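Structure first, then comments.
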Amino acid sequence: MKVVIDKNIPYLKEALEAVGCHVVAMAGTCITREDVIDADALFVRTRTRCDETLLVGTKVRFIGTATIGYDHIDAEYCKEQGIVWSSAPGCNADAVLQYVQAVVYSRYKKIEGLSLGVVGVGEVGSRVAAWAESAGMIVHRNDPPKAATGMSGLVTMDEIAEKCDVITFHTTLEKGGDFPSYHLGNERFFDSLKRKPLVINASRGAVVDGKALLNALDRGNISAVALDVWENEPDIDMELLDKAWIATPHIAGYSLEGKYNATRMVLDAFAAVFGIAGGLSMPALPAVDNPVLVAGDEGEAVLQIYSPEKDTKDLKNNPNDFEALRNNYVLRRENSAYKLMQNQ
């Protein structure tokens with residue numbers, strides 16, 4: 001089989017070649033119809049738009065996207081053409097949780113008693129909410145699709161705006177349907193904020209209206225903004241970049257564990273579609289060099305593992321290198337790779 005892959009998906013090429021696949025690895029932004037015309041399968045990330053333009057007249061039977069999000073996949077077209085596709089939901093949920101923890105601990109020395117609004121309580125948001133409650137924060141969860149299924153304990157966006165010191169977005173990007181999330185953080189929402197919160201977006205850029213966010217910052221409705229995702233990536237708003245407190249190039253989920261999980265999930269789906277008995281093998285993750293952390297508390301330990309300050313400095317100093325910073329990012333390790341030894 002011929003398989004075309006995004007060259008920045010780790011462990012993938014070796015695993016596919018081990019079962020006899022002819023693998024063509026290239027930059028995801030450069031994959032064209034001519035590259036996949038005779039390919040049986042395609043492995044991508046968010047930068048490769050998989051629609052009729054790319055897929056018409058090709059042999060592609062399977063698409064694996066090593067990402068949580070899938071708005072770059074034209075699901076309707078794939079269904080019409082009999083193309084099976086698979087994403088990796090939850091693969092990097094702990095990495096995004098780590099990012100949110102690092103942002104919060106960078107901003108506040110004491111988080112107990114702070115009110116946190118979690119917009120979207122799927123794989124990531126539910127973990128953020130559970131951590132925050134364990135750390136003593138007061139958590140308000142918002143998720144209209146889950147509310148419609150009868151899930152209890154959820155609040156409206158009006159309540160999030162009224163009650164929260166920190167608001168973090170963790171929804172998928174939906175432009176239509178019963179529960180659109182496009183520009184969920186809009187002018188009306190930001191105008192209704194009561195506590196001048198820290199706003200975090202590590203979901204999809206267009207979940208928050210960038211212009212409305214800028215206006216809210218200028219009016220003082222928001223105390224600070226931490227953005228990992230941006231509208232129109234990689235052509236991001238330079239004024240918003242300048243005014244954002246934390247600004248990172250879509251790397252919140254970029255842990256070695258998260259990437260490993262994503263590759264594992266799409267390889268399992270690939271093996272199922274093509275009937276590869278026993279699946280495909282991957283090497284074990286390496287241990288970290290210094291797994292024991294000495295810290296006074298969880299916040300100090302989290303910031304020893306990862307602080308968003310360097311990533312912010314790199315992006316602000318090199319705003320035109322968004323894609324390069326993202327593609328060449330040195331994958332960090334998740335909290336679970338370490339053991340905390342607390343100072344006495």
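In deg cm²/dmol and to the nearest 500, what is the mean residue ellipticity at 222 nm of the chain if only DSSP H runs of at least 4 residues count, each as -39500 (n - 2.57), divided by the residue total? The per-residue figure over the chain is -9500 deg cm²/dmol.
Given a Förster radius of 30 Å and the C-beta distance between residue 79 and residue 186 as r, what FRET efficiency does 1/(1 + (r/R0)^6) yield to the nearest 0.05? Efficiency for this residue pair is about 0.45. A Gaussian network model of the chain, with springs between Cα atoms under 10 Å, assigns the largest mean-square fluctuation among 301, 147, 25 to 147. Distance from the Cα centroid of segment 130-153 to that of segment 219-253 is 25 Å (rounded to whole angstrom).
The convex hull built on the alpha-carbon positions of the chain has an orientation-averaged projected area of 18.2 nm². Taking 66, 277, 247 in turn, the Gaussian network model of the chain (Cα-Cα springs below 10 Å) assigns the largest fluctuation to 277. Ordering 93, 208, 104 by Cα displacement along the dipole of segment 93-247 toward the positive end leaves 104 in first place; charges were set at the Cβ atoms of Lys, Arg (+1) and Asp, Glu (-1). Database remark: amide H of residue 43 closer than 5 angstrom to the amide H of 4, 5, 6, 64 (H placed geometrically; neighbours at sequence offset of 5 or more, or on other chains; Pro and chain starts carry no H). Which one of 283, 145, 319 has the biggest mean-square fluctuation once the chain is modelled by GNM with Cα springs under 10 Å? Result for the chain, Cα springs under 10 Å: 283 fluctuates most. For the chain, a crude dipole built from +1 on the beta carbon of Lys and Arg and -1 on the beta carbon of Asp and Glu, taken about the Cα centre, is about 500 debye to the nearest 20. Compactness ratio for segment 148-293: Cα radius of gyration over 2.2 N^0.38 Å (N = residue count) comes to 1.33.
Contact order for segment 211-288, expressed relative to its length and based on alpha carbon pairs under 8 Å spaced 6+ residues apart, stands at 21 percent. The residue among 130, 114, 190 whose Cα reaches farthest toward the positive pole of the charge dipole of segment 93-247, with charges on the beta-carbon of Lys, Arg, Asp and Glu, is 114.
Across the cross-link table entries 13/146; 110/243; 110/196; 146/211; 2/79; 109/243, which are compared at the Cα atoms, the separations over 26 Å belong to 13/146; 146/211. Shape annotation for segment 1-93: C-alpha extents along the principal axes are 34, 31, 22 Å, from largest to smallest. Going from the fewest other Cβ atoms within 10 Å to the most, the residues 322, 43, 62, 179 appear in the order 179, 322, 62, 43.
Label zone (residue 26, point 7 Å along Cα-to-C-beta; backbone nitrogen cut-off 14 Å) within segment 50-89: 54-55. Rounded to the nearest 20 debye, the dipole size of segment 93-247 about its Cα centre is 520 debye, using +1 on the Cβ of Lys and Arg and -1 on the Cβ of Asp and Glu.
Where a number appears in this text, it was derived from the coordinates with a stated rule and is not lab data. Please read these numbers as outputs of a predicted model, since none were measured by experiment. Heads up, the Cβs are rebuilt from the backbone with ideal geometry, glycines too, and the neighbour counts pull from every protein chain shown.
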